[in-house]
1. Using only Cα atoms and rounding to the nearest 10 degrees, what angle (0 to 90) does helix 244-262 make with the longest principal axis of the chain?
2. What is the helix-to-structure angle for 496-525, meaning the angle in degrees between its Cα long axis and the longest Cα principal axis of the chain, kept from 0 to 90 and rounded to the nearest 10?
3. Under a point spin-label approximation (7 Å from Cα along Cα-to-Cβ), what is the Val254-Lys398 distance to one decimal in nm?
4. Per the helix-only calculation at 222 nm, which mean residue ellipticity applies to the chain, given -39500 (n - 2.57) for every DSSP H run of n ≥ 4 and division by its residues, nearest 500 deg cm²/dmol?
5. Non-local amide H neighbours of Cys618 (under 5 Å, H modeled in plane, Pro and chain starts lacking H): which ones?
6. From the mean inverse distance of alpha carbon pairs (Kirkwood) and the Cα radius of gyration, derive Rg over Rh for the chain.
7. Give me the percent of the accessible area of the chain that comes from carbon and sulfur atoms, probe 1.4 Å, all protein chains in place.
8. Pull up all non-local amide H partners of Arg559: gap of 5 or more, or a different chain, and H-to-H distance under 5 Å with H placed in the peptide plane.
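The values are calculated or read from the model by the stated rules, or taken from the named source; none is laboratory data. Note that this is a predicted model, so its numbers are computed, not measured. Here the Cβ positions follow ideal geometry from the backbone for every residue, glycine too, while neighbour counts run over all protein chains shown. When the accessible area is computed, the model is the full protein with side chains, heavy atoms only, and any ligands, DNA or RNA have been set aside. Shrake-Rupley method; radii C 1.70, N 1.55, O 1.52, S 1.80 Å.
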Amino acid sequence: MFCLTKIISRESQARRIFRFGEEGELVILSGMRSFHLASYKQKASHYLLLAVVLGSAGLVYLLGNDRIALWDRDEPRFSQAGREMTRGEDFIVPYFNDDYRFDKPVLIYWLMVVNNWIFGVGDFAARLGSSISGVLACGLMYLVGRRLFNRQVGLMGAAIVASFPLFMVESKLATADALLTVFMVSALGLWLGMQAGQRRWYWAVLLGLALGLGTLTKGPVIWLFIWAGSMATLLLQMRRGRRWGLWLVAASVVGLAGLWGWGPPKTVQTGAEIGELLGWLGGGLLILSLPVAGAISLGPSEGKGRDWRRLFKSYGLVVLGMVVAAVVFLPWGLAAVIWTNGAYWSEGVGRHVVQRSAESLEGHWGPPGYYLASWIVCAFPWSVLGPVALWQGWRISKRDRRVAGLLGWVIGPWLVLEVVQTKLVHYVLGCYPAMALLIAVVLYQWRHKLGEKMLSRLARMSLSALWIIALVLAIGMILAVGVLALGPIAELGEGATGRYGLVLGAGLAGLVVIATALAVRVSLKKGSGSAAVASGFVGVMICGAIAGGWVAPRIGSYRISRRAAEAAREISPGETRFVLFGFDEPSVIWYLKSNRKVVIVKTVEEFVGDYEKDEPICAIVSKKKMEKLKASGFELAEARSWVEGLYLEWPPRKIELWVGLNKAAEAARNQAE
């Protein structure tokens, strides 16, 4: 009897240890935990695909960064400010050519300083922070998609974001936009997570940390996105009977209008003015918190008064996040304002935020619909799925708060930025991650064939448009590079091999664009969203590799800025001061690599006064200004060289610059030889 009992108990233990799942896979049961052997393989392949996506993106984002000349004008301005901060003179206020640079806050420059310390000052180190930020943003996109939906949606969202052409370009540039996207994705995920029910204090702290670091990267832009996204989400939720959200929207708009009417102090130099500024900023944050708290508090109705209780709790959490953001941002902000006697506030906020919104600066203007038109190219091939994603998002948002939040994050900031007068394509980059998740949700449903309604008339029209966009892009790339190669570059006397190599690279990229459109279209017609994502990702990565590793470095080698700066450094003795007359692009200052301020003169009299000084001077003069000097009767010392190169300002053309030394520099050079 004892032996029989022992055998039966062992058999029952075996039945508790082993069984087959519903799909025939072997399942091991151990206590309260179960392990699916088949799911292990699925997880392994899933994380392998994630590693391939992030690794491929990282390689393409880094490819050619050390060989492509910095593009005027933003890249050399950021990079030169990072170089001057690396000298260790001032880690609070950025400088460009020994003058204050108020355009952006300081975080991107700190990152460049670290890269310069590790890798040395150069093009690669200046761009490395953006490349790492691009990969990090893709990884965070996966975590957000997985947390909100599932692993497949997260992986698709990461692949789509990584293969947005606009995001790829920003991840290869020495600017602040890729780093800002890291904090945008973090804020988006935390904001949506709190909407989904994660209303705990540490979520609010993390949200405040993301907002504070985003502010340290590019000013109040990130606040615009979360505020406008929350406003749009509240308006979308009115379809569910939550009409109280309209009151929050109205209160926030009226409050901000009143605060703006009151206005901040004109100068920030005394303690009283600093206190007034802090009070003004605090009032603004409390008003901004209203729609954010309203969007976070959205949830199923639990009876009379429950919505308001949840709103008050959410408002407290949001205020906590705002306090954390202020703690992150204000120490540097106040130090910069005090250090510059209030100039950082009047210039950095007054001109580069307020004036930029009210009028177009530096000719950066666009008509209504500017960002919609740019989306077609900057998000290829996913741009054709944008209308489908928005339509499906509108249908789903009434019953799914996650989709409503994503839709609000896209629509709200997009519409506000269309009103802003100064327009650049990357201003709406913060909307792209939310749009990528919407597209991923649509493709996931497409993949699982959740109803044939997906292949609606809108979807069929979008797939037809894919062909047209691909053909236009391919032909446009070939024509643009062909005009450069056979026009200005041919005038430089470059060999046929280099010129035809450029055209060949553009042709290959055009063929890849067409092949990508074909693969995505076929995959979607077969009902496979995952195959469409894989095809689009691989195609865009190949195009990025061709552009970054082949075409762009060749074009960069013809750039006049680098050629003129290298010629000037070659003939100049040590401690020479450089003077620019008629050509003062920021890239020239970057490639001169001078530890002294590069002098930029505007008139013949200024140039003559500097050139005739007893100190060694090397001058770079445009051909037009050289003719004015000759007409004035001023005779120059022997010219060392005329430098020819490609100038990419529209229309792209060949230009010539005169590079020469004054008598003091000639004497110093002869003595050194």
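1. So the helix axis and the longest Cα principal axis differ by about 20 degrees.
2. The angle comes out near 20 degrees.
3. 3.0
4. Helix contribution divided over all residues of the chain: -21500 deg cm²/dmol.
5. Result for Cys618 returns Arg577, Phe578, Val579.
6. 1.04
7. C and S fraction of accessible area: 64 percent.
8. Leu646
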